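The values are calculated or read from the model by the stated rules, or taken from the named source; none is laboratory data. Just so it is clear, the structure is predicted and the values come from calculations on it, not from any experiment. Cβ atoms come from the backbone with ideal geometry, glycine included; neighbour counts cover every protein chain shown.
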Amino acid sequence: MQEELKKRFRPVLDSFLASPPVASVINTTITPNQYRAILRQVYHHTRENPQLQTLATVHFRGKQRDMVRAFFRHAASEIGHDQLALNDYITLGGKGEHVPYENPLPATTALLSFGFYQIYNLNPLGYLGYLYFLEAMPTQAGPGLIEQLHAVGIKDNALTFLRDHTEIDIGHVKMMEKYIDHLVRDEKEVDCIVYAMQTTAYLYSQMMAQAIEFADQPDVTGWNWEELDADRLTPPLGGASVSVVA
């Protein structure tokens, strides 16, 4: 199963690397401002992933439960990676104090929603495809992307998120191999996982593309009131900042 998934991941990765937003990195036509806008959306996406991974285990039954501990440890190791993306965003000149309380762009919401949809409405094991893409893509493509970002003037101190994932995700890919050995039983489940890989890669590229568009033509996404209410915060009428509720 592992070899089959590796073989079928390669064209997914190739298609992702050929997508216009990723090609702009490879061809060094991306600007630091555009990369900064991508990081803003990466923050919103990455923030949800640890909780999403633990959610997948709700559906584990029988010997599948042997993987619950590994899933929880894996998810715990992802906590705080959103802050790396936000730190890089700030290093590139972004103002980060409001970002946690804004709505992500629609394409980012679509990417996040797919993970939940896969778990709740399709085969929950398909979530492995979502996770596989997010873990394997940086380890295989990350070093080259870092070099290309250097070429457009982005320094190492603004690449902590990407660099961290080129390194730590090597271990996470090993964990993926363990999940596959213990959880994937037949070709039907392989097909399900590959479809989730394909969908995740496509939606991730769409998130990047919309972030680049947003960088070139800024718009307002509005406040995420669930995040504001959780921290008992409210923006002023002008929406310029966030203030504490008395």
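The number of residues in the stretch 156-210 that are of a type in the set (Asp, Glu), under 30 Å from Tyr89 (Cβ atoms) and surrounded by fewer than 19 Cβ atoms within 10 Å (Cβ to Cβ) comes to 3. Restricting Met175, Met137 to residues that are at pLDDT below 90 and touching an Asp or Glu at 6+ places or on another chain (Cβ under 9 Å) narrows the list to Met175.
Checked against (1) surrounded by fewer than 20 Cβ atoms within 10 Å (Cβ to Cβ); (2) part of a helix (DSSP H, G or I), Asp82 meets all criteria but (1). Selection of the stretch 85-104 for residues being over 18 Å from the mean Cα position of the chain (by Cα), in a helix (DSSP H, G or I) and either of a type in the set (A, V, I, L, M) or buried (at least 22 other Cβ atoms within 10 Å of the Cβ) (or both) yields only Ile90.
Would you check if Tyr35 is in contact (Cβ under 8 Å) with a residue 60 or more places away in the chain, of a type in the set (Ser, Thr, Tyr) and part of a helix (DSSP H, G or I)? Here the answer is yes, as Tyr35 does meet what is asked. Of all residues in the stretch 12-30, those that are surrounded by fewer than 16 Cβ atoms within 10 Å (Cβ to Cβ) and not in a helix (DSSP H, G or I) total 3.
Evaluation of Ile26 against the conditions (1) β-branched (Val, Ile, Thr); (2) under 21 Å from Val173 (Cβ atoms); (3) modelled with pLDDT of 95 or more shows that the sole unmet condition is (2). Inside the stretch 110-126, can you point out the residues that are in contact with a Leu (Cβ under 8 Å, 6 or more places away or on another chain) and surrounded by 21 or more Cβ atoms within 10 Å (Cβ to Cβ)? Across the stretch 110-126, the qualifying residues are Leu111, Gly115, Ile119, Leu125.
Ser24 meets all of the listed conditions (1) over 25 Å from Asn123 (Cα atoms); (2) touching a Gly at 6+ places or on another chain (Cβ under 8 Å) but one, namely (2).
When restricted to residues that are outside any helix (DSSP H, G or I) and within 29 Å of Phe214 (Cα to Cα), the stretch 1-11 contains 0. Filtered by the rule that a residue be of a type in the set (Ser, Thr, Tyr) and crowded, with 20+ Cβ neighbours inside 10 Å, the stretch 46-79 gives a lone residue, Thr46. Within the stretch 1-51, the set of residues being small (Gly, Ala, Ser) and closer than 20 Å to Leu86 by Cα comprises just one member, Ala37. Do we have Tyr130 as of a type in the set (Phe, Trp, Tyr), in contact with a helix residue (DSSP H, G or I) (Cβ under 6 Å, 6 or more places away or on another chain), at pLDDT 95 or above and under 13 Å from Leu203 (Cβ atoms) here? Yes, satisfied. Only a single item in (1) touching a Gly at 6+ places or on another chain (Cβ under 7 Å); (2) modelled with pLDDT of 95 or more; (3) surrounded by 19 or more Cβ atoms within 10 Å (Cβ to Cβ); (4) under 18 Å from Ile38 (Cβ atoms) is not met by Ala107, and it is number (1).
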